[in-house]
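The values are calculated or read from the model by the stated rules, or taken from the named source; none is laboratory data. A quick note: this is a predicted structure, and the numbers were derived from the prediction, not measured. Cβ placement follows ideal geometry from the backbone for every residue including glycine, while neighbour counts extend to all protein chains displayed. Calculation scope for accessible area: heavy atoms of the full protein, side chains included, ligands and nucleic acids excluded. Shrake-Rupley method; radii C 1.70, N 1.55, O 1.52, S 1.80 Å.
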Amino acid sequence: MDVKSVRGFVGNKLSFSEVSASDGVKMAAEMAPEDVVSIITASGLKGRGGAGFPTGKKWEYAFGQEGHPKYIIGNADEGEPGTFKDRLILTDFPELVFAGMAIAGCAVGAEFGILYLRAEYGWLREHLEAAIAHCREKGLLGKAIGGGKDFSFDISIRMGSGAYICGEETALLESLEGRRGDARNRIPFPVQAGYLGKPTVVNNVETLAWVPCILVKGPSWFAGMGTRKAPGAWLFSVSGDCKRPGIYEYPFGTSLRQILADVGADNPKAVQVGGASGNCVPPSGFDRTMTPGDLATGGSIIVFGPGQDMFAVAENFQHFFADESCGQCIPCRVGNQRLLEAIARMRANGLDKDSERTVRQLAQTMSVASKCGLGQMSPRAFLSILNNFAGELPGHA
Amino acid sequence: MEHEHEEAGAKKILHATINGVAVEAEENETILHCARRYGVYIPTLCELDDIDHTPGTCRVCLVEFEMPSGDGKTKLATSCNTPVVEGMTVQTRSPRARSAQRLQVELLLADHDQDCATCVRHGSCELQDVAQFVGLHENRFYKPSFVEKRPVDDSSPAMIRDMSKCIRCQRCIAICREGQGVDALVQVGIGQDKAVGLRFGLSQKESTCVTCGQCVLVCPTGALGERDETDKVLDWIYDPEIITVFQFAPAVRVAFGEEFGLPPGANVQGQIITALKRIGADIVLDTNFGADLVIMEESAELLKRLASGSRPTFTSCCPAWINFAEIHYPEILPYLSSTKSPMQSMGMICKTYLPEKMVLDPKKIRTIAIMPCTAKKDEAARLQLQFDGKAEIDVVLTTREFARMLRREGINIAKLEPSDFDNPYMGEFSGAGAIFGTTGGVMEAAVRTMYYVANGKEYDAIEFEQLRGFEGVRSATVDMGGSIGIVKVAMCHGLKPAREIAELVLAGKADFDFIEVMACPGGCVDGGGNLRSKKAYMPNALKRRATLYNVDRQQHVRQSHNNEQIKTLYRDFLEKPYSDKAHHLLHTMYTDRKQTLTRTVKEIWEDLTISDPLY
Ligand SMILES: Cc1cc2nc3c(=O)[nH]c(=O)nc-3n(C[C@H](O)[C@H](O)[C@H](O)COP(=O)(O)O)c2cc1C
Ligand code: SF4
Ligand code: SF4
Ligand code: SF4
Ligand code: SF4
Ligand code: FES
C-alpha cells in the first residue's frame, strides 16, 4: 500500500514539517538527563493520549526510579473513534516519533523502546521499519547515538492485539507481556512498575513527536503557541459533517467556532470533542475554547450536521463501549451493556423520571467506580447528549 | 548499627483517620488492610489476602476519602488497592460510600442466577453476606438472559462449574496458576461475555484441570463445587436391601467440627461414627485401615524397586497428583508406585474379603467414602479401578457433602456422644495410618515399616522428626540400617512443588529413592473437598495437622505392620504383601492423558482476523 496516499488531508501548516529529528537527538545527547526533563517541563507539554498528564513530570518520576532496565513505549494504538492524527504522524513524521523516544530514553535512563502499533495499522509496519533502519544509519538509534558517548537507544515494533482497551497504558503493558489486554490496578503506576515490572514511560505518538521540536525550537516557542494557562499546540482529527475533514494543527485556546469555520462545517447541530469517550457539545458551547479545563480535547472532533439523530449517535458510541469493555470489572461490564439497552429503550419509548434517575445513577457509578479509563469515560458522551438533547426523545416537548 | 538503620528506614509510619478514628499505617499499606487491623469491616469480594490476590474487579470495597489538601472535596477509591496517604481521612460507611458499594453489588447480581435456596453455597456465601451488609433491596439491573447464556459444565465426575453464579473475582484463576501452577483456568471473552473458562475451551473433564479442588476452596460463591451425590447415598441408606459400607479419611475427622461450631482441629472421629450409625449406615470403617494396608503394599513394592535399582518411586495415593502426572507429566508414570490409594484398597477389600468374613452378598454392598477431596470422585470413576465391571468405590462424598447430608438428616455432631469403630475385620488402625492426612505422613508411615523390615525391630524413637517440616519441598536422608541402609526421600505438597520435583527427576537431577506427593498444599487436611472458609485460604492447616500427630501419639499401635487386623487380612486372604493376589487386587496402572496442541501458534494467528471496523 502506498503509505502517503492514505495519510489524509492536512488542513493547515504543521509544526512537525519544520523540524529535523536528528537535531533533537544530537542536542539531547549533549545534555544532562535532568536538563532534558526540565526543558520538557518548562514547555508545558501535556500527554496527547487522552489523559493530558504533564510529560515532564512523568519523565521526572521515571528518572527518579531505581529499577533497571527502564523502557520507553510509544503508544501507537490509536483506537479512539474519530481519531487518526497519529496515523498521519506515523506516515509523515516517523523519525520525530523515534527521536522523541530516544530523547525520552536519554532523559530517564532507558536504552530500549517499543512502538506498540495498532493492529489495523499493520500496513504501516514496513514503512516504520524502514524509518527505524534509516534512523540507525543516521546515528539516531543504536549505540553511541547523536554523538553522545554513552547514550544508546534502540527501538522495536510490536503489533497491537486489535482491541481498543489495549491503548490504555496498563492493558497495553499486559498485551506486550503476552497476556490479555486487561487493565491493571492503577497503583503501582507504569513509571514505577511497568513493562516486565520495570519503570516504564508510556507516551502517545504525538506527545513523542513534539519532543524533538521542543528541544530544537525551545520550550518558549512551544509554550508561546498556546495561552498562558494552556501552552502549546495540538493536532486535531476532524471528521463528520463538514467540507474539509482532515488533520489540523491548532494552538490551545482556539475556539471551537473557529475550527468549525475552518473545516467548513455548516450549521452543525453538535460536535463531539475527544472521540467516543469525549463530550458532545451543543451550539451554545461553540464559543468554548480548546483548553484543558474547558474543552479537554483528546485531539478529535466529530461534527454532527442538522440531520443527525443525537440519540442514534449516543447508541452508536455506547455500542462501541459495550463491545470494547474488557469485562473485568463490574460497573463497566454490566453497566455498558445495560446503558446500551437503556438508550435503545429511550429512543423507542422516551424517558420517564424514574428511569432517568436509574440511568443517571448507573452512568454515574460507571464513571466513578470503573477500574480503568474506558469504563470511567464511557458514559460521558451519552450524559452530554442526554443533558443537551433530551428534547429529541419521543414524548418530550 | 547499619541493620538498625535499615529497620528504622523500613518502618515509615503514616497517620490517617478511618471513620473518625486515628490510625497508623505502614508505607504502602492499603486502606483495606489497615482498616482490617483496626477492626473496621469493608465489604470485599474479589480480594483474597491469604493468596495475595487483588484483581480490583468487584469494586465493592469502595470507600470515600479526602486528601489533606483536598479542600473538602472527597473522592471514591477501591480500598483494596489504594494505599494510605499521610493525613488522609477515610469514610467507609458514609452515605456516598455505602451507596456506591450497594450499586456494585446490585450490578453483580444483574448477571447472577439468584436462586439462592437451591444453591450449594446458601448460608455460607460471601456474595450473600456482602449483599446483606450493603443493605441491598433493589435489583433493577437483573436480566435473565445474561444468566441463561452462562454455561454449567457438569462433564467431570468430580466438579461442577456453574458460571451463572460466577462473579469473575478470578480467585480460581489465581490459585490454579500461582498457587498450584496447573494453570488450567483462563479468562475468556470480553465485555459482557467475560468469564472464566478452561484452557483451550475444553470441558472440565477433558481439560488440563486435575480436580484438586483448590479453586473450590477460594471461590466466594456457589460457582464452583463438587458434584453433589448425597441423594444417591440417602437412597441407599433407606433401601433395606442394600448394605452401606462407609469409610472416612484420616483428614476428615480433624476438619469437620467447625461446621458444627467446634474449634478448628478438634478430633470428631467418635462423633462421626455415631452420626453415621444414627443415619443408618450398616458398616462404618476407617480409611486409616486402608492406609495401613497401603503401607504394607507400598513398602514391599518400594523395597523390590530399590533392589532392582529403579528409583525414584513416587507415592500414588493422591488422585489429583495421579491426574497431574497423567495429564501433565506422562513421562513420569513409570516412576509411580502401582499401589492403589487407601480409599480404593478399602473398596476392594470391602467387596471381597469383608463379605467373605461377614457372610454378605457382595452385590448388595455399596461402598461410600467420605473424603476431604474432590479428586477422589475422579478416582472412584476410573475404569482401571473397577472390579468385575463394578466400581470398587460406589460414591465419594466430600466433607462438604457429608456436612450437607447430616444437616438434611437433622444431625448436629456437636451434640453427639462419640463411639468407636466396631468392625472386627477392618476397624483397627495404627498411628501410621492416621498421619496419612498430612504432608510427610505417608513417608513417615512407610519409613516406620521399612525400618522394621530392614532391622527386624522397631525404630526406637518411633517418630521421624526430619520428615515433619512444612516447606513445599523437603528432603531427608534416613539411615534404615540393616539390609537397606541409607534411603533418600523427598516430600512435597502442592502441585507447584510437585512440578519442580517432576522436572528434576526427568532431568536426571534428583537423587531420591522415594518421593511423597500430595497435590493440595498442606496435604489432605487442606484438600479441595474440605469445608470452605470465607475470605481465607488454609486457615486451619497447622491445627488439623497437629491433631493428626496427636492421634498417632495416642494410638496404641504406631506402625502399620503391627495392626492386628492387617495381619489377619494377610494371613487369611492376601497371603503376603505384594503376593500375586495382593498385586491383582491392590495394584493398578496409569495412562498417558497429555493434552497435545494439534495446532501451532502460527496457525492460530493466521486464523485470527481483525474484525471489520464497525463504527
Ligand atoms: C480505553 C483507553 C484507550 C486508550 N487508547 C489510547 C491510544 O490509543 N493511544 C494513546 O496514545 N493513548 C491511549 N490511551 C491513554 C493511555 O492510557 C496513556 O494515558 C497514554 O498513552 C499516555 O501517553 P501521554 O501521556 O503521552 O498521553 C487510552 C486510554 C484509555 C483509558
Ligand atoms: S473499566 Fe472496563 S475496560 Fe477498564 S478494567 Fe473495567 S471492564 Fe475492563
Ligand atoms: S481443580 Fe485444581 S487444577 Fe482444576 S481448576 Fe481448580 S485449582 Fe485448577
Ligand atoms: S468461579 Fe468462583 S472463584 Fe472463579 S471467578 Fe467465578 S466466582 Fe470467582
Ligand atoms: S492432597 Fe489429599 S485432598 Fe488433596 S487431592 Fe490429594 S488426596 Fe485429595
Ligand atoms: S475487593 Fe476491592 S475491587 Fe474487589
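Heavy-atom accessible area of B:L354 with all protein chains present, probe 1.4 Å, nearest 10 Å²?
We get 0 Å² for B:L354.
Averaged over peptide B:51-60, how many Cβ atoms belonging to another chain are found within 10 Å of each residue's Cβ? Walk me through the numbers on the way to the answer.
Values: counts 0, 0, 0, 1, 6, 9, 9, 4, 10, 2.
Taking the mean over all residues of the peptide, I get 4.
Using the structure shown, list the pairs from B:K457/B:K509; B:K143/B:K535; B:K364/B:K567; B:K390/B:K581 with a Cα-Cα distance above 24 Å, or answer none.
Over 24 Å apart, Cα to Cα: B:K457/B:K509; B:K143/B:K535; B:K364/B:K567.
Highest mean first, what order results for B:13-22, B:201-210 on Cβ atoms within 10 Å?
Top of the packing list down: B:201-210, B:13-22.
Exceeding 29 Å between C-alpha atoms, which entries from my cross-link table qualify? They are B:K304/B:K377; B:K415/B:K496; B:K277/B:K363; A:K58/A:K217. Display every interim value, and only then the final one.
Working: B:K304/B:K377 31 Å; B:K415/B:K496 41 Å; B:K277/B:K363 22 Å; A:K58/A:K217 22 Å.
Violating the 29 Å Cα-Cα cut-off are B:K304/B:K377; B:K415/B:K496.
Which of the three applies to the protein assembly as shown, rounded, prolate or oblate, going by the alpha-carbon gyration tensor with a ≥ b ≥ c and a/c under 1.5 meaning rounded?
Prolate is the answer for the protein assembly as shown, as a/c is 1.5 or above and a/b outweighs b/c.
Could you state the angle between the C-alpha long axis of helix A:380-389 and the longest principal axis of the C-alpha atoms of chain A, as a value from 0 to 90 degrees rounded to the nearest 10?
Tilt of helix A:380-389: around 40 degrees.
Quantify, in whole percent, the carbon and sulfur part of the accessible surface of the protein assembly as shown (1.4 Å probe; protein heavy atoms only).
Carbon-and-sulfur percentage of accessible area, whole number: 52.
How far is the Cα center of segment B:250-324 from the Cα center of segment B:340-379, in Å?
If you average the Cα positions of each part, the centres end up 13 Å apart.
Please go through segment A:1-93 and write out the GluC sites (Glu not before Pro) that DSSP classes as loop and that have at most 12 other C-beta atoms within 10 Å.
A:E66
Let me check I've understood the local charge: for B:T313, count other residues with C-beta under 13 angstrom from its C-beta, Lys and Arg +1, Asp and Glu -1. What total comes out?
-1
Sequence neighbours fewer than 8 away in the same chain don't count; with that in mind, list the aspartates and glutamates whose C-alpha is under 17 Å from B:K205.
B:D153, B:D154, B:D162, B:D183, B:E226, B:D228, B:E326, B:D378, B:E379, B:D592
Please go through segment B:22-126 and write out the trypsin sites (Lys or Arg not before Pro) that DSSP classes as loop and that have at most 12 other C-beta atoms within 10 Å. Provide the component values of the computation, followed by the final result.
Working: sites: B:R36, B:R37, B:R59, B:K73, B:K75, B:R93, B:R96, B:R98, B:R102, B:R121; in loops: B:R59, B:K73, B:R93, B:R121.
Sites meeting the loop and neighbour criteria: B:K73.
When chain A is treated as a GNM, springs tying every alpha-carbon pair under 10 Å, which of A:L383, A:L141, A:L115 comes out with the largest mean-square fluctuation?
Among A:L383, A:L141, A:L115, the largest mean-square fluctuation in the Gaussian network model of chain A belongs to A:L383.
Give the angle, between 0 and 90 degrees and rounded to the nearest 10, that separates the Cα long axis of helix A:330-349 from the longest principal axis of the Cα atoms of chain A.
With both axes taken from Cα atoms, the answer is about 40 degrees.
Run through the DSSP bridge list for the protein assembly as shown and note the antiparallel percent, rounded to the nearest 5. It would help to have the intermediate numbers written out before the result.
Details: 50 of 96 bridges.
About 50 percent, rounded to the nearest 5.
How large is the accessible surface per residue of chain B, computed with a 1.4 Å probe and reported in Å² as a whole number?
40 Å²
Give the accessible area for A:K243 in Å² (nearest 10); use a 1.4 Å probe, count only protein heavy atoms, and leave out ligands, DNA and RNA.
We get 130 Å² for A:K243.
Expressed as a whole number of Å, what is the distance separating the alpha-carbon centroids of segment A:221-241 and segment B:199-213?
Between the Cα centres of segment B:199-213 and segment A:221-241 lies a distance of 54 Å.
What number comes out for the charge environment of B:P157, summing +1 per Lys or Arg and -1 per Asp or Glu over other residues with Cβ under 13 Å away?
-3
Averaged over A:355-365, how many beta carbons belonging to a partner chain fall within 10 Å of each residue's beta carbon?
The per-residue average across the peptide is 2.
List the pairs from A:K198/B:K12; A:K198/B:K11; B:K376/B:K576; B:K165/B:K543; B:K11/B:K543; A:K13/A:K243 whose alpha-carbon separation is above 21 Å, in the order I gave them.
Distance filter (> 21 Å) returns A:K198/B:K12; A:K198/B:K11; B:K376/B:K576; B:K165/B:K543; B:K11/B:K543.
Which of the GluC sites (Glu not before Pro) found in segment B:5-101 are loop residues per DSSP with 14 or fewer other Cβ atoms within 10 Å of their Cβ?
Qualifying residues, ordered by number: B:E27, B:E86.
Let me confirm one metric for peptide B:11-21, namely the mean number of other chain beta-carbon atoms within 10 Å of its residues' beta-carbons.
0
First select every other residue whose beta carbon is under 11 angstrom from the beta carbon of B:N288; then total the charges, Lys and Arg +1, Asp and Glu -1. Working shown, then result.
Numbers: positive: B:R253; negative: B:D286, B:D292, B:E428, B:D552.
Charge balance near B:N288 sits at -3.
Quick check: Cα centre of segment B:162-182 to Cα centre of segment A:128-186, how many Å?
32 Å
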